[in-house]
Amino acid sequence: MYGDEATKLTREAKRTIDHFPAYNDPLVRSITREIRHLHETCQDLIKTYQQDMQLAEREVQRRWHQQQSPSASSASDPNHTSLSMLESSSHQDSSLPPSTAAVAGSSRAHGGSSSHPMASSTRSYDSSFSTSTASTAHLPLEAQIRLAVEPISNIFLTKYKVHFVPLQRNKRALMAYHRQRLDKIKEIAWAYAMLSEDTRRKLSPDEITFYNEYERHKNKYTAEFGDIDLGLDVLFPPKEIFITVRVVKDCGDIVTDSGATLSLKKNSEHFVKRSDVERLITQGYLIHVA
């Protein structure tokens with residue numbers, strides 16, 4: 001069913017909102033193929049709808065012109081008898097034997113009835129055609145066109161929505177999935193000096209290109225601020241100079257700005273100057289305890 005693959009992608013994006021998974025290339029390609037198929041189907045429906053509308057309008061205009069023409073309406077009326085028809089009929093009757101002429105006259109007297117099956121079916125078709133057009137014959141041409149194209153438009157809109165709605169939903173799912181991943185890539189670019197090999201394997205080729213371009217613009221921007229580290233993500237000034245931190249990942253020995261050496265082993269706690277470990281907290285090696 002249309003949209004099932006997009007539902008899987010949105011669920012995956014929701015499950016992985018707190019971490020960064022590998023790029024799901026097969027699922028993205030499957031959704032892209034479905035979008036292309038739906039788009040082509042919608043275009044075919046539009047072409048067919050336009051052709052049907054033009055045919056319906058031409059048919060209504062043809063019938064309307066026939067109704068407006070007196071000669072055409074007389075010719076199309078099965079009960080109409082012209083003077084030329086009467087004269088030709090009288091000449092034919094005079095040339096026939098008396099018995100045959102009597103039968104022909106009797107047939108005309110009874111409304112021209114005939115036992116031939118083709119003649120009967122032709123009269124029934126003409127009467128049904130007259131009945132179908134008689135109900136709208138009094139309407140102007142524009143109103144007759146509207147009535148003729150209304151069922152065509154209803155059928156088209158139903159078919160079009162069946163294909164257009166899942167197409168739009170698939171697009172929104174793809175955009176939401178890639179927007180979430182791009183936001184994660186931006187966070188990685190600000191938090192780490194370089195892209196790790198494990199993270200690089202999770203990116204698609206286009207995402208690697210985006211990361212390189214974003215990193216280049218970021219470095220060009222931060223170079224204007226000198227020694228200020230814009231990657232610390234400190235929106236408010238700290239209330240304390242020294243803080244207590246707990247080591248989450250082994251960092252080994254580091255040298256602070258004051259020249260002191262810290263041995264940061266996993267699960268150990270330290271009371272240090274905030275500015276010395278701010279970068280490690282941002283990168284996830286330390287957590288602020290108190």
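The values are calculated or read from the model by the stated rules, or taken from the named source; none is laboratory data. Bear in mind the structure is a predicted one, so any value in this text is a computation, not a measurement. Counting neighbours? That spans all protein chains shown, and the Cβs are built from the backbone with ideal geometry, glycine included. Side chains are part of the model used for accessible areas, which takes the heavy atoms of the whole protein and leaves out ligands, DNA and RNA. Shrake-Rupley method; radii C 1.70, N 1.55, O 1.52, S 1.80 Å.
General observations
- Multiplying the residue separation of T158 and Q50 by 0.36 nm and removing their Cα-Cα distance gives an extension gain of 37.4 nm.
- If R0 equals 35 Å, the separation of the Cβ atoms of F242 and L27 corresponds to a calculated FRET efficiency of about 0.10.
- Chain lengthening between D18 and Q168 when straightened (0.36 nm per residue, less Cα-Cα): 51.3 nm
- Lysines with Cα under 26 Å of K218, excluding same-chain neighbours fewer than 8 positions away: K184, K186, K202
- The length gained on full extension between K218 and N267, counted as 0.36 nm times the residue separation minus their Cα-Cα distance, comes to 14.3 nm.
- Model label points for E150 and H138, set 7 angstrom from Cα along the Cα-to-Cβ axis, are 1.7 nm apart.
- Estimated from the Cβ-Cβ distance and a Förster radius of 45 angstrom, the FRET efficiency linking H37 and K249 is about 0.45.
- Only protein atoms count toward the accessible area here, which uses a 1.4 Å probe; on region 242-288, the carbon and sulfur part of that area reaches 49 percent.
- Candidate lysines for bridging to K171, where Cα separation is under 17 Å - those fewer than 8 sequence places away on the same chain excluded: K8, K14, K161
- Solvent exposure ordering (accessible area, 1.4 Å, most first) of H178, H288: H288, H178
- Kirkwood radius for region 177-225, taken over all pairs of different Cα atoms as the inverse mean of 1/r, rounds to 11.2 Å.
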